[in-house]
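Each value in this text was obtained by applying a stated rule to the coordinates, not by laboratory testing. For clarity, every value in this text was computed on a predicted model and none was experimentally measured. Cβ coordinates were reconstructed from backbone atoms using ideal geometry, including for glycine residues, and neighbour counts include every protein chain displayed.
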Amino acid sequence: MMTRIWMTLLATLVLTAAAGYQSEIEEWRRAREEKLKAADGWLTVAGLFWLHEGVNPFGAGADNEIVLPDGPPRAGAFELRGGQVTVSMNGSTRSIANDSDESAKVGRLTLLVIKRGEKFGIRLKDPESANRRNFHGIEYYPANEAYRVTARFVSEPRKVPILNILGQTELSECPGYAEFRLNGKEHRLHPILEEPGAKSLFYIFKDQTAGKETYGAGRYLYSDLPKDGKVILDFNKAYNPPCVFTDFATCPLPPRENHLPVRIEAGEKKYH
């Protein structure tokens, strides 16, 4: 009798834990899509304009080097001089940092400065972009806890070259590698640190579903920093790069060592 009671209790606990995990993944997916759809999310990225040394005027007029979908015929100008960018609008000029929250506003439009390699560009965000208007949600594999694995983390700091879709290569900090077992075989993934003092590890990977059920160039994944020599890799949270949703992203691509010879049937599928 007691054995039957304990077995029933154990089964109840297992079902409760499974339901809790399903809820966690559902909430992660909801937050992921809400972030994409936000007024400043990736779906709003509607243009990318590379700056040349000197003055780069912008506005809705066709004679501008940066032609905007809205606003006055001539709204202002960006000037690139010796690696520094300034913006002139409404009779005033100020410097504007690259890859920051600093921006220039033209009506509903937001203009931000980015730097990729030695190139400076202007990223345009438009909350009325076609991609945002036409977004129809993301398709996922069914959540499967078998794809939430505990990996041994081996510290091996070094710099690794990461190629992006522009054909540029930049060196990134790689703190080591995560070694894990999946489908009966051992695998490794090498994460990078996106910035000094990063609080998470960023994995750019490609698996055997790429180009079939999932995006051909690969997918992304985050984990917490190692604790007691271990990291949790939850492939149910593997997601598509921004360049899936806009033609104007500058996505990093998976290094060869992160090409996995296994099907990861978890996370986001292709966006159609």
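Overview of values
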{"quantity": "Antiparallel bridges, percent of DSSP beta bridges restricted to the chain (to nearest 5)", "calculated": "95"}
{"quantity": "Extended-chain gain in nm, criterion 0.36 nm per residue less alpha-carbon gap, N183 and Y271", "calculated": "29.1 nm"}
{"quantity": "Gained length - L166 relative to R108, 0.36 nm times residue gap less alpha-carbon distance", "calculated": "18.1 nm"}
{"quantity": "³J(HN,Hα), Karplus 6.51/-1.76/1.60, whole Hz, each residue of region 98-106, x for Gly, Pro", "calculated": "7, 6, 9, 7, 5, 8, 10, 10, 10"}
{"quantity": "Mean Cα-pair separation over length for the chain, i.e. relative contact order, pairs under 8 Å, 6 or more apart, %", "calculated": "16"}
{"quantity": "Degrees, to the nearest 10: 2-37 long Cα axis against longest axis of the chain", "calculated": "10"}
{"quantity": "Helix-only mean residue ellipticity at 222 nm for the chain, each DSSP H run of n ≥ 4 adding -39500 (n - 2.57), per residue, nearest 500", "calculated": "-5000 deg cm²/dmol"}
{"quantity": "Using a Förster distance of 30 Å, the FRET efficiency for E195-A62 (Cβ separation, nearest 0.05)", "calculated": "0.20"}
{"quantity": "Amide H within-cut-off set for A60, under 5 Å, with H built and near neighbours excluded", "calculated": "L68, R74, A75"}
{"quantity": "For the chain, the longest site-free run once trypsin sites (Lys or Arg not before Pro) in DSSP loop states with at most 15 other Cβ atoms within 10 Å are removed", "calculated": "109-198"}
{"quantity": "Extension reserve of the S88-K212 stretch, reckoned as 0.36 nm per residue once the Cα distance is removed", "calculated": "39.9 nm"}
{"quantity": "Links that overshoot a 31 Å alpha carbon limit, given the list K105/K206; K115/K185; K125/K227; K115/K206; K159/K206; K230/K269", "calculated": "K105/K206; K115/K185; K125/K227"}
{"quantity": "Net charge contributed by nearby residues that have their C-beta within less than 11 Å of T150 (K/R +1, D/E -1)", "calculated": "+2"}
